[in-house]
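The values are calculated or read from the model by the stated rules, or taken from the named source; none is laboratory data. All values derive from a computational prediction rather than experimental measurement. When we count neighbours, we look across all protein chains shown, and the Cβ atoms used for this are built from the backbone with ideal geometry, even at glycine. Accessible surface is based on the protein model in full, side chains and every heavy atom, while ligands, DNA and RNA are left aside. Shrake-Rupley method; radii C 1.70, N 1.55, O 1.52, S 1.80 Å.
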Amino acid sequence: MIDLQKQIDYWTNNADYDIQTAELLILQKRILHGLFFCHLSIEKIIKAHYVKFKKDFAPKTHNLIYLSETSNLKFDKDTDIFLGILMKYQLEGRYPDYAPKIPDYETVLDYLKQTKDLLSWLKMKL
């Protein structure tokens, strides 16, 4: 039998850890990896929602849209767009044939802020 709270805590704690890592990387101008960790942070908090909603283990996927839809999370249009932006910086960003365009530093800082805000909001909803 699945220990739901243990799973939720696992995903939530790791989301917190990853947003801290994202911030450190971005402040050190390690942008691509910082944005990857922004994606990872949101992925993990949505997986906490998945566990809570489905009462099952989170799927092994990195697709934020799929995860949010299957977790019964409803976002406004701007948040849906932001999830799409973060998707550009997920796993594929680590392969040589995929080189996402790195935005200017001010935009990256805005993405970090949006990630932190979304993470906080999603944690409140748990």
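Values for this structure:
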{"read-out": "Rounded to 10°, Cα long-axis angle of helix 31-54 versus longest principal axis of the chain", "value": "10 degrees"}
{"read-out": "In nm, spacing of pseudo-spin labels at Leu27 and Glu69 (7 Å Cα→C-beta vector)", "value": "3.8 nm"}
{"read-out": "Whole-percent carbon and sulfur share, accessible surface of the chain, 1.4 Å", "value": "54 percent"}
{"read-out": "For the chain: accessible area per residue (Å², 1.4 Å)", "value": "59 Å²"}
{"read-out": "Angle in degrees between helix 105-125 and the longest Cα principal axis of the chain, rounded to the nearest 10", "value": "10 degrees"}
{"read-out": "Full-extension gain in nm, Tyr98 to Tyr10, via 0.36 nm per residue minus C-alpha separation", "value": "28.6 nm"}
{"read-out": "Segment Asp3-Phe53, extension gain: residue separation times 0.36 nm, minus the distance between their alpha carbons", "value": "16.6 nm"}
{"read-out": "Distance (nanometres) between label positions extended 7 Å along Cα→Cβ at Tyr17 and Lys77", "value": "3.9 nm"}
{"read-out": "√(5λ) per eigenvalue of the Cα gyration tensor, the chain, largest first, Å", "value": "24, 14, 14"}
